[in-house]
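A.B. asks: Structure in structure tokens, see below.
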Amino acid sequence: LILPSVLFQRVINFQCDEDHIAQMKETSLALAKNGAKANKLFGLSDDLAYIDSFEKHFLPSSKFRKIWDILVLIGLVLYVFYLPISFMHLIENSPFTKTPVLLSLQYVLDAFFIADAVFNFHYFVYFEEGLLVRDKSYIHQKFISSRNCWREIIGMLPLDLLSCFFGGRYLHHFRLVKVVRIPNIVNSFQNIDSMLSELNIDIDLSLYRVIKLNIVMITACHWVGCIWFMMASLSMASGYDGNWRVADENNEFLSVKHSDFAGFAGYLRSVYWALVGMSTVGYGDIIPTNIIETTYATFVILLGGLFLPAIVGGLAAYMGNFNIAGKTFQKKLARVRSYLL
């Protein structure tokens with residue numbers, strides 16, 4: 001006699017208490033996991049046989065999931081570079097019309113990460129101890145346990161709409177809440193590492209470490225430069241007559257206009273100062289002109305003194321381990337030749 005699942009659950013709930021039901025669930029889950037491991041060991045796993053063609057795209061090993069993980073990493077990297085540019089216009093209260101392309105691209109990223117949250121919360125199945133988990137309630141629990149839900153909710157809130165009540169101003173202020181997404185980049189890198197290991201792609205660990213260190217250095221220079229650009233606006237808002245941008249444009253030994261190339265020249269000068277200030281004590285062509293800029297410049301120079309040795313140490317470690325396997329083989333080969341001769 002085969003009972004429908006609904007009637008079977010009613011019988012179980014009537015005959016057993018909650019402790020017995022929980023114990024049966026644990027036993028059933030353990031047996032299912034052991035069976036799945038055995039099937040996988042002997043190549044008899046049929047978990048995928050009952051999945052429709054649409055749901056197969058959400059499997060951890062599917063091509064769609066791998067492409068999606070790469071897109072998530074790219075999106076987070078773009079956030080890391082786009083958000084500091086909002087600092088440049090933070091004090092000026094620039095409306096949407098002044099930076100339409102930048103903000104439009106960020107809105108595209110916002111829509112993408114909303115879709116990512118929906119996929120992870122409801123559709124992305126996962127393997128747990130060899131068992132394919134498809135139950136929606138378990139997928140929801142995994143999403144809640146593996147991510148900070150409040151951070152996800154805050155990152156998805158369209159707070160930009162509040163700027164409409166201020167005539168389009170303070171738009172960049174409301175965009176700063178998207179900073180809460182940036183910590184997710186750590187999990188995204190881990191997903192990429194797992195994907196590379198599944199594809200049997202071997203990467204030199206020393207080279208990989210150097211690439212990461214250089215990415216961190218470029219990101220740090222970008223953030224420091226964008227905030228340095230904002231320091232000039234903060235100086236003007238604080239009542240100071242001059243700032244570093246005015247002094248830079250009025251320098252008779254230079255031919256610089258920060259408005260060139262649609263404002264990109266000002267950004268380039270800011271990042272140039274950040275790179276020079278963090279790596280050396282500066283060349284003296286861009287200098288702070290008031291106490292606000294001096295305080296920030298002091299902090300950056302101190303940070304650079306602690307940050308740069310880590311980059312140099314990483315490069316030295318990579319050069320020391322460069323082709324170490326080949327060098328070891330050549331030494332062994334030379335030793336064998338010496339015995340033969």
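A.B. asks: Hey, among the residues in region 130-146 that are at pLDDT 75 or above and assigned to a loop (DSSP other than H, G, I, E, B), which one's most open to solvent (accessible area, probe 1.4 Å)?
C.D. replies: My answer is ARG134.
A.B. asks: Also, I was wondering about something else. Regarding ILE153, is this residue of a type in the set (Val, Ile, Thr), open to solvent by less than 70 Å² (accessible area, probe 1.4 Å) and either in contact with a Cys (Cβ under 6 Å, 6 or more places away or on another chain) or farther than 19 Å from PHE87 by Cα (or both)?
C.D. replies: It is false that ILE153 is of a type in the set (Val, Ile, Thr), open to solvent by less than 70 Å² (accessible area, probe 1.4 Å) and either in contact with a Cys (Cβ under 6 Å, 6 or more places away or on another chain) or farther than 19 Å from PHE87 by Cα (or both).
A.B. asks: Here's a follow-up. Out of LEU73, LEU78, I need the residue that is closer than 30 Å to ALA237 by Cα, modelled with pLDDT of 80 or more and not hydroxyl-bearing (Ser, Thr, Tyr). Which one? Don't jump to the end; show me each part of the working.
C.D. replies: Numbers: LEU73 fails: closer than 30 Å to ALA237 by Cα.
Criteria check complete, one pass: LEU78.
A.B. asks: Are any residues in region 92-106 at pLDDT 75 or above and either of a type in the set (S, T, N, Q) or surrounded by 14 or more Cβ atoms within 10 Å (Cβ to Cβ) (or both), and if so, which ones?
C.D. replies: Matches in region 92-106: LEU102, LEU103, SER104, GLN106.
A.B. asks: Report every pair of residues separated by at least 6 positions or lying on different chains whose Cβ atoms are under 8 Å apart, first residue within region 240-265 and in contact (Cβ under 8 Å) with a residue 12 or more places away in the chain and more than 14 Å from PRO288 (Cα to Cα), second assigned to a helix (DSSP H, G or I) and of a type in the set (A, V, I, L, M).
C.D. replies: If the second residue must be assigned to a helix (DSSP H, G or I) and of a type in the set (A, V, I, L, M), the pairs left are VAL256/ALA265; HIS258/ALA265.
A.B. asks: Using the structure shown, decide if PHE189 is touching a Gly at 6+ places or on another chain (Cβ under 7 Å) and at pLDDT 75 or above.
C.D. replies: Spelling it out, it is not the case that PHE189 is touching a Gly at 6+ places or on another chain (Cβ under 7 Å) and at pLDDT 75 or above.
A.B. asks: Here is a further query. For region 285-295, which positions are in a loop (DSSP other than H, G, I, E, B) and touching a residue at least 40 places away in the same chain (Cβ under 8 Å)?
C.D. replies: If the condition is that a residue be in a loop (DSSP other than H, G, I, E, B) and touching a residue at least 40 places away in the same chain (Cβ under 8 Å), then ILE286, ILE287, PRO288, THR289, ASN290 are the ones that fit.
A.B. asks: Quick check on my filter: what residues within region 60-80 are open to solvent by 50 Å² or more (accessible area, probe 1.4 Å) and touching a residue at least 24 places away in the same chain (Cβ under 8 Å)?
C.D. replies: If the condition is that a residue be open to solvent by 50 Å² or more (accessible area, probe 1.4 Å) and touching a residue at least 24 places away in the same chain (Cβ under 8 Å), then SER61, ILE70, LEU71, VAL77, LEU78 are the ones that fit.
A.B. asks: Turning to a different aspect of this structure: Residues in region 228-241: is at least one modelled with pLDDT under 85, in a helix (DSSP H, G or I) and closer than 25 Å to GLY304 by Cα?
C.D. replies: No, because not a single residue in region 228-241 is modelled with pLDDT under 85, in a helix (DSSP H, G or I) and closer than 25 Å to GLY304 by Cα.
Conditions tested, residue by residue: (1) touching a Pro at 6+ places or on another chain (Cβ under 8 Å); (2) modelled with pLDDT under 85; (3) open to solvent by 50 Å² or more (accessible area, probe 1.4 Å).
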residue: SER194; (1), (2), (3): no, yes, yes
residue: LEU205; (1), (2), (3): no, yes, yes
residue: ILE286; (1), (2), (3): no, no, no
residue: ILE291; (1), (2), (3): no, no, yes
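Here's the yes/no breakdown for (1) of a type in the set (Val, Ile, Thr); (2) touching a helix residue (DSSP H, G or I) at 6+ places or on another chain (Cβ under 8 Å); (3) in a helix (DSSP H, G or I):
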{"position": "ALA247", "(1), (2), (3)": "no, no, yes"}
{"position": "SER255", "(1), (2), (3)": "no, no, no"}
{"position": "GLY263", "(1), (2), (3)": "no, no, yes"}
{"position": "GLY266", "(1), (2), (3)": "no, yes, yes"}
{"position": "TYR272", "(1), (2), (3)": "no, yes, yes"}
{"position": "MET278", "(1), (2), (3)": "no, yes, yes"}
{"position": "TYR283", "(1), (2), (3)": "no, yes, no"}
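A.B. asks: Scan region 120-145 residue by residue and report those that are of a type in the set (Ser, Thr, Tyr) and more than 20 Å from the chain's Cα centre (by Cα).
C.D. replies: The answer is TYR123, TYR126, SER137, TYR138.
The values are calculated or read from the model by the stated rules, or taken from the named source; none is laboratory data. Values in this document were obtained by computation on a predicted structure and should not be read as measured data. Neighbour counts are summed over all protein chains in view; Cβ atoms, including those assigned to glycine, are modelled from backbone coordinates with ideal geometry. These accessible areas exclude ligands, DNA and RNA; they are computed on the full protein's heavy atoms, side chains included. Shrake-Rupley method; radii C 1.70, N 1.55, O 1.52, S 1.80 Å.
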